[in-house]
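One structure is given below, encoded as structure tokens.
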Amino acid sequence: MSDNSYTPDSKIGKWFNDRLPLLTLSKHLQDYPTPKNLNYWWTFGGILTFCLITQIVTGLILAMHYVAHADMAFESVEHIMRNVNYGWLIRYVHANGASMFFLAVYIHIFRSLYYGSYKSPREIIWILGMIIYLLMMMAAFMGYVLPWGQMSFWGATVITNLFSAIPLFGESITTWLWGGYAVGNPTLTRFFSLHYLIPFLILGLVVLHIWALHVPGNNNPIGIDLKKPSKDTVPFHPYIVIKDLFALLIFLIIFAFFVFYSPNILGHADNYIEADPMVTPAHIVPEWYLLPFYAILRAVPDKLLGVIAMFAALFVLIILPWLDTSKVRSAIFRPLYKQFYWFLVADVLILGYMGAMPAEGWYLLVARVATAYYFIHFLIILPVLGQKEKTLDVPQSITEPVLGGSANQSLAKEQKK
Amino acid sequence: MSDQKKTKRRDFIFTASYTLGAVGVGATVWPLIDQMNPDASERALASTEVDISGIERGQSITVLWRGKPVFIKRRTEEEINKARQVNLKELPDPEKDEDRAKNPEWLVMLGMCTHLGCVPLGNKGEYDGWFCPCHGSHYDTSGRIRKGPAPTNLEIPKYEFISNSTIKIG
């Protein structure tokens, strides 16, 4: 890359950079050649980084006032809401921030699915992303337990009991997770400890995610390989930085709407009742972002198989780069995949809705069909489609459809061979 | 010949070192893992005594034992008959009511659904026993699973009648 030969202008800059090349890194990030046709679906990486930092900063502050003890946790959250200066604001930003984080990550993931960003040579980026997603779910789940309300307690009970489905060791594993014979104070304190740890693990993985991204560079809406730098690319700064910031502002308007106008709409009223191990709320639901998986869990009438199906739903995503056999990345040039893509989006939304409804009657039936389709999409449709689908002609470069010819002559020749 | 001997001696030293290293790492990591298991204060809460003199026929109370709810139900004749007349072949987890309730009038069991641990509601469900609102498991008047995702019957804890009016759980 061209920035390897970078030398800072100032003497002190040069002295520092020779010892720790941070300025070279900064220069690399600024000049990084980025496809010039990136649309607004590509701004969510930046938005997600913002979300992570927001959660870490607000979480750090909340931990200064929160008490991780079964007898005091619930009251300490009310203390934050009523007594701590701006405590209500910081807690509402943190609580809604989790939802906004997931909203952004789902858009980011579905962007990748539409434009084939997970395909070779970007498999590691995708897998790192999936690990981040998994850690996000763990962090969100443990965070939801901390206020020690009814939903906290029973959500923790249901989720930790998933592990009791494991043959032979199930009971020892759940006892080990709880630090007791049911969810209780030891469970709360360890969840607090882990909830504090996970965001920093995510931060480390985000660095790897971006590092891996900077090897092949960004995918782009037409999903072709670009020569970098070329007429098809623009420097990251200022072009992409400004675009990302504009998208972030729009995102923040939505974020602020939730925080200031309906801070509790995404939560559950039962979580304002203190945890009671004797009474289960009539209708337990997880947070909205976990509902599709919850629907899959409940769609299977057998305990162990239900748990396996739920984890399998995640696992098929991890191995997705090898399930999708199509050589063409972007759905723009895959007329059939484009339709199946929207079926999948609808399917996941239906699963989410069914996860929020009681598991009975026709709800259960629809959830079962949707669960089956989810797996059919990944395990049957994608592998077969890659072989059978007649894809459209992919342009040689971003400029070709407009100007004719290729911006990268060498690349054009290569692909014609 | 002598070369081969030397190689074998090296191999032995490597294997022995790796093994010792693995044992050392294992011994060091174990306390870090085991600290998460129930501590001495949790284990000390092993038994609870419950006064059952105030419970009328058909009534049920819930007490907390080791952080878990325990149902103590004084069953009616009708409920006992219903539980005992069931053909065992119909049950997903066959168990005789006689084995579950030493004293047919008193049914003592953990109030935790064997699916994912919610507390089932009494006198509900298709078998007039318990019904779990979380994922729809139905239990009969003996606390046996009849329908739904739960794999086994409601668990019977260790308990004994200390006197006519007191049960010791645990």
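The values are calculated or read from the model by the stated rules, or taken from the named source; none is laboratory data. Quick caveat: nothing in here was measured; it's all calculated off a predicted structure. Neighbour counts run over all protein chains shown; Cβ positions are idealised from the backbone, glycine included. Heads up: the accessible areas ignore ligands, DNA and RNA and are worked out on the full protein's heavy atoms, side chains in. Shrake-Rupley method; radii C 1.70, N 1.55, O 1.52, S 1.80 Å.
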Skipping prolines and chain starts, which residues have an amide H placed within reach, meaning under 5 Å, of the one on residue A:6, given they are 5 or more residues away or on another chain?
none
Considering all alpha-carbon pairs of the protein assembly as shown, what whole percent are spaced by more than 42 angstrom?
38 percent
Computed over the Cα atoms, what is the radius of gyration of the stretch A:130-234 divided by 2.2 N^0.38 Å, N being its residue count?
1.58
Determine ³J(HN,Hα), in whole Hz, for all residues of the stretch A:220-233 in sequence, where each value follows from phi through the Karplus function 6.51 cos²θ - 1.76 cosθ + 1.60 and θ = phi - 60°; x replaces Gly and Pro.
8, x, 8, x, 9, 6, 10, 8, 10, x, 7, 5, 8, 10
Residues in the stretch B:115-130 that, when all protein chains are in place, have 20 Å² or more less accessible area than the chain alone would give (probe 1.4 Å)
B:115, B:116, B:117, B:118, B:119
Compute the accessible area of each residue in the stretch A:163-208 twice, once for its chain alone and once with every protein chain present, using a 1.4 Å probe on heavy atoms, and list those whose area falls by at least 40 Å².
A:176, A:181, A:182, A:190
How big is the B-A contact in terms of buried accessible area, both chains counted, 1.4 Å probe, rounded to the nearest 100 Å²?
2400 Å²
No Cys partner within the rule (Cβ under 4.7 Å), the protein assembly as shown
A:51
Leaving ligands, DNA and RNA out of it, report the carbon-plus-sulfur percent of the accessible area of chain B at a 1.4 Å probe.
54 percent
Share of Cα-Cα pairs in the stretch B:64-122 beyond 16 Å, in percent?
53 percent
Using only Cα atoms, locate the centre of the stretch A:277-339 and the centre of the stretch B:1-75, then give the distance between them in Å, rounded to an integer.
32 Å
What distance in nm separates the simple spin-label points at residue B:59 and residue B:11, each placed 7 Å from Cα in the Cβ direction?
7.7 nm
Integer Hz, Karplus 6.51/-1.76/1.60 couplings in order for the stretch A:354-366, x for Gly and Pro
5, x, 8, 8, x, 7, 7, x, 6, 4, 5, 4, 4
Modelled FRET efficiency - R0 41 Å, residue B:161 with residue A:283, Cβ distances, 0.05 increments
0.65
So what's the net charge close to residue A:310: Lys and Arg +1, Asp and Glu -1, counting the other residues with Cβ under 15 Å from its Cβ?
+2
Using the beta-carbon distance between residue A:31 and residue B:40 and R0 = 56 Å, what value does 1/(1 + (r/R0)^6) give for FRET efficiency, to the nearest 0.05?
0.40
State the Kirkwood hydrodynamic radius of the stretch A:38-283 in Å, one decimal place, computed from all pairs of distinct Cα atoms.
19.9 Å
Using +1 at the Cβ of each Lys and Arg and -1 at the Cβ of each Asp and Glu in the stretch A:285-417, identify which of A:286, A:323, A:372 lies farthest towards the dipole's positive end.
A:323
Would you list the P(r) distribution for the stretch A:285-417, with all Cα-Cα distances sorted into 5 Å bins from 0 and each bin expressed as a whole %?
2, 10, 16, 17, 14, 11, 9, 7, 5, 5, 3, 1, 0
Determine the per residue accessible area of the stretch B:124-170 with all protein chains present and a 1.4 angstrom probe, expressed in square angstrom.
39 Å²
Could you work out the mean projected area of the convex hull around the alpha carbons of the stretch B:51-170, in square nanometres to one decimal?
6.7 nm²
